[in-house]
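For reference, the structure discussed in these notes is given below.
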Amino acid sequence: MNGGKGRRRLAGRATAGRGAAARRSAGARRRLGPSGGEVPLDRITTRGRLAWLNSAGSRIGTTLDLERTAQELAEFTVPGLADGAAVDILESVLRGDEGSRWTGTGVPLMRATALCAVEELASLEPTPVGETSARAEEAHETLLHRYCLRQGKPVLVSRMRNEDFIRVAPTESAAKKMRAAGVHSYLAVPLIARGLLLGSVDFVRGRGRPPFSATDLALAEQLASQAAVYIDNARLYGREREHVVSLQRTLLPRATPVTPGLRVQAEYAPSTAHHGVGGDWYDVMALPGGRTALMVGDVMGHGLPAAATMGRLRTVARTLMTLDMAPERVLARLDLATRDLEDEQVATFLCAVFDPADSTYTLASAGHLPPLLLDGQGSAEFADVPVGAPLGAGVIPYDPIRLKVPAGGNLVMYTDGLIKSRHADLDHQLDCLRTAARGLAPGALADGGLIACAPADASRFDEAVLLVATHVSGADAPDAPADLREWQLPQEGRAASVARGLVTDQLAAWELTELADVCELVVSELVGNALRYGNGPGRLRLLRGERLVVEVSDTGPDLPQIQHADLSDEGGRGLQLINMLCRRWGSCRTVTGKVVWAEQNLPS
C-alpha cells in the first residue's frame, strides 16, 4: 500500500553488505535481460521483469536449509530489485513450529536471518543476523507490524521523510547512517505460505535509484509468495530431520557399560544432509564371564522408516546377545528377523565378542565394512573377516573369525557414513581411514578423532557411527586380568572338590570369604551337572566385577533347565538352589559345547 505521512512506517531494518551481490557497485546495478545481455534496471520491460521473476525458481531454495534459503532470497533481490534486503523469520518458525498470524500486542519475536546490500550501504547498522528484532517500545509499532505482520499486507513508503528514518532503523545511530547513505525508499512484504505468516522481507533503495513503485510492489509480492513456499518447505524438512535425529539418539545407548579389559568409546555423527539420517546404530553389552559384545549396524535407507527398523533390529540383537549366543548365530537369527519385517528392509551388521581371558575377539559380518585393527605400535590393518550376505538377503550361514589383540590395541568398528564421499571411491576412502588412524595418538583415537577426519560438509552425505574398543590390562584396567581367574578342571569325580578349593582360595585372596559358602555350593552344582550331563567339566572361570560370576564349561549339547522335582526324587533340585541363592543364572552354547554361569551380588 502507498502511504502518506501517517502511514509511512517501517519496522524492518536497514541492511548491510552481505554475500556475493554485496560486492557489486552502483555502476554495476544492471541485470541480465531475457537474451542474456545487460540492460539498465530502470529500462526493464514487463517481459524482462517476468523473466527475472521466473529465474528465482532456480536461484532460491536450492537447498532445504532454512537460513540458506533466506540468504538466497536476499542475494537474488540485490541489486536487481533493491540496493539492500533483509529477511526476518519468526522465532517459532526457526524452531520448526507452524507459522501464524500475529494477533497479540507489541511486536512478534522475529530473528534477523539474512542480509544483503550493495557496497554503498555497507556502513549501515542493521540488526545482525542471528539476533532477535523485537522492540518493546509502543512508539515503534510501525506499519510493518500493524499491516505486514498482523494483517499480512505489504507496506510501501515511496519517499521517506526525515521522521521516517528513526521508525525504520533499529537505533538512532542506524537512522543517521541511513540518512547519510542516501536511503530514500522502503518496501516490506510478508512471507506467507499456506495462509500462515512465516516472516517478512524488507527492501531499501539509495542514491541513483528511483523510488519503489506499485509495479515494484507487485513484483516483490510475487517473489515473496514464491520464496515463502521454499522457506516453509525448508522448515518442514528441518523439523522432520530433528525428529529423526531425536528418535535415532533415543534408540542408541545412552552410556556404554564398564567391562573387564576393555574401554569402549562410541560416537554418532548425523549427516549434514537433510535426508542422511535414519538407520545407523551401535550397541555395547556386558556378557557373562566378563565378555563384551560390540555391535554396529546400518539399515539401508533414510528417514523415519529406517530409524524404526533400526530400533527393532537393535532390540532383537540385544535379546539374542542376552542369551550369550555366538556372533555367527546372532547374525543368522537376525537375518530371519529382518526377513519378517513388513517393509522388506536390508541391513549390514558387524558383531564382535571380546574375551578378556585370552584377549581375543570373535567376529562375524553380514555385509558390513571390515573393522580396523591397531596393535598400539603404529600398525593399522583391516581385519580379514569373512563377509556374509546383508541381513534380510536370506543367505546364511555366516562364518566367524577369531583375532587376538595385544594390550593397548584398538578395534575400530564403523558405518559407511564415516568414509563415503561423492568425490572418491570406497577403496580410496578406506585407505584414507587407515592412514588417519595411524596418525592419531591413542587418546585422540579413543575420543572419536576419526570423526573429524571423515568427509565434511556436503561431501559427507550419510550419518556415521564410530566404535573404538581399546584393550587395557594391568594398572590401566584394575578389573582385568587381576579380577579374572580361569582354571582347567580334571575330567573325573574329584572335579567338584578341586573347583571348591580353587574358588575358596581365590575368594580369600579377594577378601570375599563371606561369599564362600554360597559360591562353593553353586560351583559344586555346576560341576556336578557337567559331570552328569556334559561329558565332564572343562574350564572354571571366576570373575569379580560389578558382581561375582562363576562359570563352568563342558562339551554337552543340552542346555540345563529347572526341573519340577517331587518330594520322593533324590535329585533335580540343584538349579532350584542356584536360582534361589544367586542374583541370576544362565547358559549358552559354544562351538565345543556350552557354558553355564551364575551371578552373586558383592557385599556393599
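Any chance region 161-171 includes a residue that's without any contact (Cβ under 8 Å) to a residue 40 or more places away in the chain, β-branched (Val, Ile, Thr), farther than 23 Å from residue 59 by Cβ and open to solvent by 20 Å² or more (accessible area, probe 1.4 Å)? Yes, region 161-171 contains at least one residue that is without any contact (Cβ under 8 Å) to a residue 40 or more places away in the chain, β-branched (Val, Ile, Thr), farther than 23 Å from residue 59 by Cβ and open to solvent by 20 Å² or more (accessible area, probe 1.4 Å). Residues of region 501-525 that are more than 15 Å from residue 489 (Cβ to Cβ), acidic (Asp, Glu) and either over 48 Å from the mean Cα position of the chain (by Cα) or part of a helix (DSSP H, G or I) (or both): 514, 517.
Which helices (runs of 4 or more DSSP H) does region 48-98 wholly contain that include 1 or more residues that are out of contact with any Lys or Arg (no Cβ under 8 Å at 6 or more places or on another chain), under 17 Å from residue 117 (Cα atoms) and open to solvent by 10 Å² or more (accessible area, probe 1.4 Å)?
Details: elements: 56-59, 66-77, 91-94.
Those helices (runs of 4 or more DSSP H) span 66-77.
Out of 427, 431, 457, I need the residue that is modelled with pLDDT under 80, over 30 Å from residue 261 (Cβ atoms) and of a type in the set (Asp, Glu). Which one? Unique residue meeting the criteria: 457. Just a yes or no: is a residue in region 390-408 open to solvent by less than 30 Å² (accessible area, probe 1.4 Å) and over 24 Å from residue 312 (Cβ atoms)? Yes.
Looking at region 41-83 only, could you name the residues that are of a type in the set (Gly, Ala, Ser) and touching an Asp or Glu at 6+ places or on another chain (Cβ under 8 Å)?
Listed by number, the list holds a single entry, 61.
Do we have any residue at all in region 472-479 that's part of a helix (DSSP H, G or I), at pLDDT below 70 and not aliphatic (A, V, I, L, M)?
Yes, region 472-479 contains at least one residue that is part of a helix (DSSP H, G or I), at pLDDT below 70 and not aliphatic (A, V, I, L, M).
Of all residues in region 423-434, none satisfies the criterion of being polar (S, T, N, Q) and touching a residue at least 40 places away in the same chain (Cβ under 8 Å).
Of all residues in region 335-352, those being at pLDDT below 90, surrounded by 14 or more Cβ atoms within 10 Å (Cβ to Cβ) and of a type in the set (D, E, K, R) number 1. Once region 515-530 is narrowed to residues that are of a type in the set (A, V, I, L, M, F, W, C) and surrounded by 18 or more Cβ atoms within 10 Å (Cβ to Cβ), the residue that is farthest from residue 557 (Cα to Cα) is 515.
Residue-by-condition table, conditions (1) open to solvent by 60 Å² or more (accessible area, probe 1.4 Å); (2) within 24 Å of residue 84 (Cβ to Cβ); (3) without any contact (Cβ under 8 Å) to a residue 40 or more places away in the chain; (4) basic (Lys, Arg):
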{"position": "185", "(1), (2), (3), (4)": "no, yes, yes, no"}
{"position": "258", "(1), (2), (3), (4)": "yes, no, no, no"}
{"position": "268", "(1), (2), (3), (4)": "no, no, no, no"}
{"position": "282", "(1), (2), (3), (4)": "no, no, no, no"}
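Taken over region 209-228, the criterion of being closer than 20 Å to residue 87 by Cα and surrounded by 17 or more Cβ atoms within 10 Å (Cβ to Cβ) is satisfied by 212, 216, 217, 219, 220, 223, 224, 226, 227, 228.
The values are calculated or read from the model by the stated rules, or taken from the named source; none is laboratory data. What you are looking at is a predicted structure, and each value in this text was computed from that prediction instead of being measured. Cβ atoms come from the backbone with ideal geometry, glycine included; neighbour counts cover every protein chain shown. These accessible areas exclude ligands, DNA and RNA; they are computed on the full protein's heavy atoms, side chains included. Shrake-Rupley method; radii C 1.70, N 1.55, O 1.52, S 1.80 Å.
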